[in-house]
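Chemist: First the structure, which I've put down as structure tokens, then a few questions once you've had a look.
The values are calculated or read from the model by the stated rules, or taken from the named source; none is laboratory data. Because the structure is predicted, anything quoted here is derived from the model rather than measured. Note: ideal-geometry Cβ built from the backbone for every residue, glycine included; neighbour counts use all protein chains shown.
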Amino acid sequence: MENPQVHVTRSFDAKAAIAPRLRASWQRSERYGVPEDEVLPVFSGAVDTGSLLFECGTEVLRGLQATLANEPISLMITDSEGLVLSRLCTDATINRSLDRVHLAPGFYFAESNAGTNGLGLALADRAPSLVRASEHYCTGLRGYTCAAVPVLDPLTGALAGSVNLTTWSAQSSELLLALAQAAAGNTAALMLARASGRTPRPTPRGEVFRVYADRVDPGDVPRLSPAWTTALGEAHTALAAGRVVAVVGEPGAGKTALASLARRELRPRERVLNARPPAPDDVDTWLTLWTPELAKDGTCVIVSGVEALPAWAAEELARRFADVRGDGPPPFVLTAEDAGAVPAALRPLVDRVVELPALRFRPDDILPLAHHFARRDRGREITFTSAAVRALTAYDWPENAKQLRRVVREAASRSDVVDTAHLPAEVFSGVGHRLSRLQALERDEIVRCLAEPGATVVHAAAKLGMGRATLYRKMAQYGLNARQLKS
């Protein structure tokens, strides 16, 4: 016998009594126009079963399912948009019931489609979520309890999707969220293991600290390319006109530095803070820590990476930002990877989007920034040989200025005259795909042998214990150019 659906009369008092995250989700559901009594079926004709998330998530859930063989729990993987990719469950009764509410592979179950529900809330807030019975927005979902946890790409930190566990609302839900968290963690770990063994991206932690254009004041900035100066001028002009600015671009491109420079050119004595996105559990503390600064004269807060904020946090920020808008330059600037990534609650506040091109599109900035970073770290001028210059300017810098700063800091710490021998092997590799740890070790060893004084390909091949043809093949495989390694 199927679990009866629970129908609860909706009222303002009931909505006010629920937790803030759920209340914010209900309000979003109302704005989306989601019906109160049914789930709108939004079907996709294609489900990506070849993704790393699908492969790893399904494997993890199959293992979990084996331990829950007699439990009426449906285990699901969704993508970042709430599209259900897979559903594992041996209980025919709950499967039939979930089919009727369209919680099945090929259907979207985001908040905009189904209202407040576990997986939709987890994706919106990027935080573990448990939605019980009457906490669902649609009465048609009141018979279920859903626990969902977002899965982040372990290399980029981007939202990959979620793990969702759904059972009857009458069942005990005490362990449901813990199981979902374990499954999501195991999925991310398996994704990392199968993504060529690269180092995972650190989990973001909330922090607020004083920033002077990434420790650079306007008088210390090197002469940079028109691409940089144009973006800086656009930001400065918009801020001077009292506009809210969002600086967008790839991670590490220098968005926060540009925003800080624009503010300090406008108001040299202004105090500039940088509020980086926190871990989901730290959002309340994060907001309490720095938002009072918005009301202080001569203070500007740069909120970096707003695309990583939970939906409810973005809505709270929008409310607080609206309260401090005045006639002059607003006391805040936003940064994001692109304009479309700015949370919906914050988009109406943005008057001007300034795009900062990636470093690979600003090759004339590489050498001035390299000298600047080296001088800042060593306190004196550092020389780069012609070979080192060729290597630095020929590289694509996928992690942008952040990567250049790290490479230069390491090289400058070893010598006042930076040559190719002081640069990491990654700079000499034009390979367009991720390397396994073994491949990276092999590439690094080839670079080391080729960079030795007087070394030739013949000598390097002999030292590496491989034929010359094999070495040439591997150099091509790793995108290595022997001439870049020579002074």
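Chemist: How about region 165-181: which of its residues are in contact with a Phe, Trp or Tyr (Cβ under 8 Å, 6 or more places away or on another chain) and either surrounded by fewer than 16 Cβ atoms within 10 Å (Cβ to Cβ) or within 26 Å of Leu53 (Cα to Cα) (or both)?
Modeler: Thr166, Thr167
Chemist: Moving to a separate point now. Do the conditions hold for Ala246, that is, is it buried (at least 23 other Cβ atoms within 10 Å of the Cβ), under 23 Å from Leu317 (Cβ atoms) and touching a His at 6+ places or on another chain (Cβ under 6 Å)?
Modeler: It is false that Ala246 is buried (at least 23 other Cβ atoms within 10 Å of the Cβ), under 23 Å from Leu317 (Cβ atoms) and touching a His at 6+ places or on another chain (Cβ under 6 Å).
Chemist: Moving on to the next point. Out of all the residues in region 57-65, is one or more modelled with pLDDT under 95, assigned by TED's automatic domain parsing to the domain that holds Ala182 and more than 14 Å from Val163 (Cβ to Cβ)?
Modeler: no
Chemist: Here's a follow-up. Can you pull out every residue in region 22-41 that is touching a Leu at 6+ places or on another chain (Cβ under 9 Å) and either among the polar types (S, T, N, Q) or at pLDDT below 90 (or both)?
Modeler: Ser25, Val39
Chemist: Given (1) touching a residue at least 12 places away in the same chain (Cβ under 8 Å); (2) out of contact with any strand residue (DSSP E or B) (no Cβ under 6 Å at 6 or more places or on another chain), identify the lone condition not met by Leu175.
Modeler: Exception for Leu175: condition (1).
Chemist: Could you say whether any residue in region 89-111 is of a type outside the set (A, V, I, L, M, F, W, C) and within 20 Å of the chain's Cα centre (by Cα)?
Modeler: Looking for residues that are of a type outside the set (A, V, I, L, M, F, W, C) and within 20 Å of the chain's Cα centre (by Cα), one finds none in region 89-111, hence no.
Chemist: Right, Glu307: under 21 Å from Pro357 (Cα atoms), surrounded by fewer than 22 Cβ atoms within 10 Å (Cβ to Cβ) and charged (D, E, K, R) or not?
Modeler: When the stated conditions are applied, Glu307 passes them.
Chemist: Residues of region 155-172 being in contact (Cβ under 8 Å) with a residue 40 or more places away in the chain, under 17 Å from Asp91 (Cβ atoms) and among the small types (Gly, Ala, Ser), which ones?
Modeler: If the condition is that a residue be in contact (Cβ under 8 Å) with a residue 40 or more places away in the chain, under 17 Å from Asp91 (Cβ atoms) and among the small types (Gly, Ala, Ser), then Ser169, Ala170 are the ones that fit.
Chemist: Please count how many residues of region 22-45 are part of a loop (DSSP other than H, G, I, E, B) and without any contact (Cβ under 8 Å) to a residue 12 or more places away in the chain.
Modeler: 1
Chemist: Of the numbered conditions (1) touching a Ser or Thr at 6+ places or on another chain (Cβ under 8 Å); (2) under 26 Å from Ala345 (Cβ atoms), Arg271 fails exactly one; give the number of that condition.
Modeler: (2)
Chemist: If you don't mind, there's one more thing I want to ask. Filter region 76-104 for residues that are part of a loop (DSSP other than H, G, I, E, B), under 20 Å from His136 (Cβ atoms) and out of contact with any Pro (no Cβ under 6 Å at 6 or more places or on another chain) and give the result.
Modeler: Glu81, Gly82, Cys89, Val101, Leu103, Ala104
Chemist: Are any residues in region 54-75 over 12 Å from Ala180 (Cβ atoms), in a helix (DSSP H, G or I) and not aliphatic (A, V, I, L, M), and if so, which ones?
Modeler: Phe54, Glu55, Cys56, Thr58, Glu59, Arg62, Gly63, Gln65, Thr67
Conditions (1) β-branched (Val, Ile, Thr); (2) assigned to a loop (DSSP other than H, G, I, E, B); (3) at pLDDT 90 or above; (4) under 24 Å from Glu30 (Cβ atoms), marked per residue:
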site	(1), (2), (3), (4)
Ala127	no, yes, yes, yes
Ser134	no, no, yes, yes
Gly140	no, no, yes, yes
Cys146	no, no, yes, yes
Pro154	no, yes, no, no
Ser162	no, no, yes, yes
Ser172	no, yes, no, no
Gln181	no, no, yes, no
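Chemist: May I pose another question? Looking at (1) assigned by TED's automatic domain parsing to the domain that holds His422; (2) surrounded by 15 or more Cβ atoms within 10 Å (Cβ to Cβ); (3) not aromatic (Phe, Trp, Tyr), which one does Ala318 not meet, given that it meets all the others?
Modeler: Here Ala318 clears every test but (1).
Chemist: Right, next: Among the residues in region 86-94, are any farther than 30 Å from Glu399 by Cα and touching a residue at least 60 places away in the same chain (Cβ under 8 Å)?
Modeler: yes
Chemist: Look through region 45-85, keep the residues that are more than 15 Å from Asn186 (Cβ to Cβ) and polar (S, T, N, Q), and return whichever of them is surrounded by the most Cβ atoms within 10 Å (Cβ to Cβ).
Modeler: For region 45-85, the residue satisfying everything is Thr78.
Chemist: Also, I was wondering about something else. Of everything in region 283-305, what is in a helix (DSSP H, G or I), touching a residue at least 60 places away in the same chain (Cβ under 8 Å) and hydrophobic (A, V, I, L, M, F, W, C)? Give them in sequence order.
Modeler: Correct list: Val283, Trp286, Leu289, Trp290.
Chemist: OK, next. I need the full set of residues from region 122-132 which are within 18 Å of the chain's Cα centre (by Cα), crowded, with 23+ Cβ neighbours inside 10 Å and either over 15 Å from Ala344 (Cα atoms) or not assigned by TED's automatic domain parsing to the domain that holds Asn164 (or both), in order please.
Modeler: Across region 122-132, the qualifying residue is only Ala122.
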